[in-house]
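Heads up: the structure comes next, in structure tokens.
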Amino acid sequence: MSKNAINSKAIGVFDSGIGGLTVVRALLEKLPYENIVYFGDTARVPYGSKSAQVVREYTQDDTDFLLSKDVKMIVVACNTVSAVALDVVLKRANLPVTGVIIPGALAAMASTKNKRIGVIGTIGTVNSNAYKNELKRLNHSTNVFSKACPLFVPLVEEGWLDLKATELIASEYLFPLTIEKIDTLILGCTHYPLLKQTISKVTKGMVTLIDSGEATAATVGAMLDEHGIRNTSKETPNVQFFVSDAPEKFTSVGELFLGKKLGVVRRVQIGKH
Ligand code: DGL
């Protein structure tokens with residue numbers, strides 16, 4: 001296949017549902033000419049409260065769907081999948097692959113001054129210790145304080161981004177981390193970037209917030225160059241959205257995550273639900 005044909009193929013992005021649109025948003029900002037195929041497994045969301053074994057099974061289907069779309073690389077936008085099943089994607093796809101954990105950990109390490117880093121995410125992500133292990137691998141003297149914040153996902157999907165109730169819940173979750181004097185906090189879940197303002201407020205602006213999705217977009221750019229597969233066309237890219245349940249909610253709530261209208265969202269059947 002000619003180089004141009006490969007370069008113009010889409011980047012495949014998948015998530016458990018809608019949250020991965022924050023990663024698409026970061027990709028569109030950093031790599032405005034890349035075509036994208038997004039898959040959100042809305043029929044089986046959430047992944048964050050499920051066992052690693054089930055998430056690994058779902059990940060096979062998600063990967064196979066993107067492979068059927070003939071993508072040139074795969075971005076695992078979901079923190080939970082990146083934490084417990086990245087190897088499943090790597091094994092199935094003979095393509096460049098990145099998750100969000102390593103880029104997020106590298107960005108946090110570059111930002112921390114006191115080597116005291118907080119990590120928040122789903123129960124699955126936090127229990128896996130994936131961020132902690134990566135941070136320790138980068139610098140074993142780093143102190144990592146993790147906290148699962150399961151109520152954040154439904155709050156964001158409800159659009160309750162800066163309500164008093166959300167602020168109270170955020171204070172409750174983050175108190176154990178702030179008393180440890182963290183100076184950097186990894187937002188280790190696709191939904192949390194939408195809570196940046198509230199989290200900044202309850203941490204009194206004393207903590208640098210790391211958006212793993214943004215860090216991942218920079219990694220994707222570097223990987224495209226490394227493999228010589230960056231799109232050379234300067235045309236408006238084609239961004240396609242696929243979901244496994246009825247597209248209506250995804251289309252309306254998705255705008256909040258993507259920061260703009262989504263256009264057509266198509267339902268597809270994957271796996272054997
Ligand atoms: N996308 C998931 C993550 O980043 C959050 C939603 C879910 O639990 O599936 O971990």
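For the stretch 168-273, treating each Cα as an identical point scatterer without solvent, what Debye log10 I(q)/I(0) comes out at q = 0.10, 0.15 1/Å?
Taken in order of the listed q values, log10 I(q)/I(0) reads -0.48, -0.92.
How fast does the stretch 139-187 diffuse by Stokes-Einstein, in µm²/s, taking the Kirkwood radius from C-alpha pairs at 25 °C and 0.890 mPa s?
202 µm²/s
Take the solvent-accessible surface of the protein heavy atoms, probe 1.4 Å, and return the percent of it on the stretch 51-172 that carbon and sulfur atoms account for.
Roughly 52 percent of what the probe reaches on the stretch 51-172 is carbon or sulfur.
In nm, what is the difference between 0.36 nm times the number of residues separating ASP64 and LEU256 and their Cα-Cα distance?
Working: separation 192, 0.36 × 192 = 69.12 nm, distance 2.78 nm.
Between ASP64 and LEU256, full extension yields 66.3 nm more.
With only Lys, Arg, Asp and Glu charged, each at its Cβ (+1 for the first two, -1 for the last two), find how big the charge dipole of the chain is about the Cα centre; round to the nearest 20 debye.
420 debye
On alpha-carbon atoms, Rg over Rh for the chain using Kirkwood Rh? Could you put the intermediate results ahead of the total?
Details: Rg = 17.8 Å, Rh = 18.6 Å.
Over the Cα atoms of the chain, Rg/Rh equals 0.96.
Quick one: helix 21-30 against the long Cα principal axis of the chain, what's the angle to the nearest 10°, folded into 0 to 90?
70 degrees
Whose amide H sits under 5 Å from the amide H of THR42, counting only residues 5 or more places off or on another chain, with H placed in the peptide plane?
SER244, ASP245
For GLN240, list long-range residues whose amide hydrogen, built 1.01 Å from N in the peptide plane, is under 5 Å from its own amide hydrogen.
Placed amide hydrogens put ILE36, VAL37, TYR38 under 5 Å from GLN240.
Beyond 14 Å, how much of the Cα-Cα pair distribution for the stretch 155-216 remains, as a whole percent?
Value for the stretch 155-216 (Cα pairs over 14 Å): 54 percent.
Where does the chain land at 222 nm, in deg cm²/dmol rounded to the nearest 500, when only DSSP H runs of n ≥ 4 count, each adding -39500 (n - 2.57), divided by all residues? Let's see the in-between values first.
On the way: 13 runs with 125 residues, N = 273.
Mean residue ellipticity at 222 nm (helix-derived): -13500 deg cm²/dmol.
Between GLU57 and GLU158, what is the label-to-label distance in nm when each label sits 7 Å out along the Cα-to-Cβ direction?
Computed distance between label sites GLU57 and GLU158 equals 3.1 nm.
Is the stretch 89-138 best put as rounded, prolate or oblate by its Cα gyration tensor, with a ≥ b ≥ c the root eigenvalues, rounded for a/c under 1.5, and otherwise prolate when a/b is larger than b/c, oblate when not?
Taking the square roots of the gyration eigenvalues as a ≥ b ≥ c, the stretch 89-138 is oblate.
Expressed as a whole number of Å, what is the distance separating the alpha-carbon centroids of the stretch 199-269 and the stretch 1-67?
Going from one Cα centre to the other spans 9 Å.
Quick one: with all protein chains in place, what share of the accessible area of the stretch 191-240 is carbon or sulfur, to the nearest percent (1.4 Å probe)?
Heavy-atom surface of the stretch 191-240 belonging to carbon and sulfur, 1.4 Å probe: 50 percent.
For q values of 0.12, 0.21 Å⁻¹, compute log₁₀ I(q)/I(0) with the Debye formula on a Cα-only model of the stretch 1-65, without solvent.
-0.38, -0.88
Using a 1.4 Å probe and counting only protein heavy atoms, arrange HIS227, HIS140 so the residue with the most accessible area comes first. Write out the running numbers ahead of the final one.
Numbers: HIS227 90, HIS140 150 Å².
The ordering from most to least exposed comes out as HIS140, HIS227.
Counting pairs of alpha carbon atoms under 8 Å apart in space and at least six apart in sequence, what relative contact order in percent does the chain give? Let's see the in-between values first.
Values: 530 pairs, mean separation 74.0, N = 273.
It rounds to 27 percent for the chain.
Convert each backbone phi in the stretch 74-91 into a coupling constant with the Karplus relation 6.51 cos²θ - 1.76 cosθ + 1.60 (shift: θ = phi - 60°), then list the ³J(HN,Hα) values in order as whole Hz, x for Gly and Pro.
Once rounded to whole Hz, the list reads 10, 10, 8, 6, 6, 5, 4, 5, 4, 6, 10, 9, 4, 4, 5, 5, 4, 6.
Skip the ligands, DNA and RNA, and give the accessible area per residue of the stretch 1-154 with a 1.4 Å probe, whole Å².
Ligands and nucleic acids excluded, the figure is 39 Å² per residue.
I'd like the per residue volume of the convex hull spanned by the Cα atoms of the stretch 33-130, given in cubic angstrom. List each step's numbers first, then the result.
Numbers: hull volume 11.0 nm³, N = 98.
Each residue corresponds to 112 Å³ of Cα convex hull volume.
Spin-label point model (7 Å from Cα, Cβ direction): what's the LYS249 to ASN4 distance in nm?
Using points 7 Å along Cα→Cβ, the separation is 4.4 nm.
SER200 to ILE123: FRET efficiency via 1/(1 + (r/R0)^6), r the Cβ-Cβ distance, R0 25 Å, to the nearest 0.05? Intermediate values should be presented prior to the final figure.
On the way: r = 24 Å, r/R0 = 0.96.
It comes to 0.55.
At what distance in nm do the modelled label points of LYS115 and ASN238 sit from each other, each positioned 7 Å from its Cα along Cα→Cβ?
It is 5.0 nm.
With contacts defined as alpha carbon pairs under 8 Å and 6 or more residues apart, what's the relative contact order of the stretch 123-249 in percent?
Details: 83 pairs, mean separation 24.9, N = 127.
So the answer I get is 20 percent.
The values are calculated or read from the model by the stated rules, or taken from the named source; none is laboratory data. Treat the numbers as computed from the prediction; the structure is a model and nothing was measured. FYI the Cβ positions are ideal-geometry reconstructions off the backbone, even for glycines, and counts take in every protein chain you see. SASA here: full protein model, heavy atoms, side chains in, ligands and nucleic acids out. Shrake-Rupley method; radii C 1.70, N 1.55, O 1.52, S 1.80 Å.
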